[in-house]
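*Asks:* I'd like to ask some things about the structure below.
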């Protein structure tokens with residue numbers, strides 16, 4: 001039996017298998033992009049890294065989208081060169097941009113620039129671009145989303161920021177692995193996105209999401225900062 005959620009803060013969509021999940025998420029993303037292209041001439045999408053969304057990006061690249069009218073950027077990034085295979089920029093290039101010909105890509109990290117300057121540039125770019133049509137998010141087993149890690153010494157500052165992006169030092173946070181320095185969307189930045197998707201796989205992620213919703217503690221479960229926002233509800237796509 002497919003799991004269900006009875007929580008008005010989210011829209012929960014359960015898929016029977018991985019292929020159906022990939023196809024449905026990619027189709028929804030393409031539909032959102034095409035809507036904004038038709039309405040205002042362009043679209044902007046913010047993507048997350050990780051192995052979970054990679055096949056969705058591959059499927060999205062094959063769909064009928066006017067990629068030359070799409071600006072692609074990131075929900076967060078590790079403090080790595082965008083050419084590093086462990087960077088989110090590399091993953092997006094490899095799985096989406098190789099096939100999505102004509103799309104414009106704005107990585108968050110600029111080679112040779114210090115972290116504060118990269119954050120400044122990311123905020124400047126966001127402020128001079130149209131609001132994002134869509135952000136695709138993931139969630140860790142610790143309840144983090146983007147690079148908003150529970151227990152980070154910078155978390156409170158990032159949550160209170162009135163800018164779209166913030167630097168974050170996640171030293172000591174297990175979910176950050178060996179890349180503690182990050183650039184991340186803030187709740188303010190998430191709130192600017194017309195549509196927010198959360199892409200989840202597996203029963204453990206489902207359990208973490210339930211715990212987050214039950215706790216309503218946005219410091220312990222930063223995913224709540226993508227849920228407790230005005231506007232359209234977070235759409236959660238899940239498959240086992």
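*Asks:* Normalising by the residue count of the range 92-213, find the relative contact order in percent from Cα pairs under 8 Å and 6+ residues apart.
*Replies:* Across the range 92-213, relative contact order equals 26 percent.
*Asks:* Within 10 Å of each residue's Cβ, count the other Cβ atoms and sort 120, 165 from fewest upward.
*Replies:* 120, 165
*Asks:* I've got another one for you. Computed over the Cα atoms of the range 130-198, what is the convex hull's projected area averaged over all directions, in nm²?
*Replies:* 4.4 nm²
*Asks:* Only Cα pairs under 8 Å and at least 6 apart count here; give the relative contact order of the chain as a rounded whole percent.
*Replies:* Relative contact order for the chain comes out at 23 percent.
*Asks:* Over the range 158-203, what is the relative contact order in whole percent, taking alpha-carbon pairs under 8 Å and six or more residues apart?
*Replies:* 39 percent
*Asks:* Give me the one-decimal Kirkwood hydrodynamic radius in Å for the range 32-98, with the sum taken over alpha-carbon pairs.
*Replies:* Final number for the Kirkwood radius of the range 32-98 is 12.5 Å.
*Asks:* Let me ask you something else. Tell me, 230, 214 in order of fewest to most beta-carbon neighbours within 10 Å?
*Replies:* 230, 214
*Asks:* What is the antiparallel percent of DSSP beta bridges lying wholly in the range 65-187, to the nearest 5?
*Replies:* In the range 65-187, DSSP labels about 80 percent of beta bridges as antiparallel.
*Asks:* Any idea how far the Cα center of the range 198-232 sits from the one of the range 107-181, in Å?
*Replies:* Distance between centres, Cα-based: 18 Å.
*Asks:* Still on this structure, please answer the following. List the pair-distance distribution P(r) of the chain, using every Cα-Cα distance, as the percent of pairs falling in each 10 Å bin from 0 up to the bin containing the longest distance, rounded to whole percents.
*Replies:* Result returned by the calculation: 8, 34, 40, 17, 1, 0.
*Asks:* Also: Which stretch or stretches of the range 174-188 have amide N atoms under 20 Å from the point lying 7 Å from residue 111's Cα along the Cα→Cβ direction?
*Replies:* Answer for this model: 183.
*Asks:* Could you give the Stokes-Einstein D for the range 1-73 in µm² per second, using the C-alpha Kirkwood radius, 37 °C, 0.692 mPa s?
*Replies:* Result for D is 239 µm²/s.
Any read-out appearing in this document is the output of simple, stated calculations on the displayed coordinates, not a laboratory observation. These figures come from a predicted structure and were not determined experimentally. All Cβ positions, glycine included, derive from the backbone under ideal geometry; neighbour counts span all protein chains shown.
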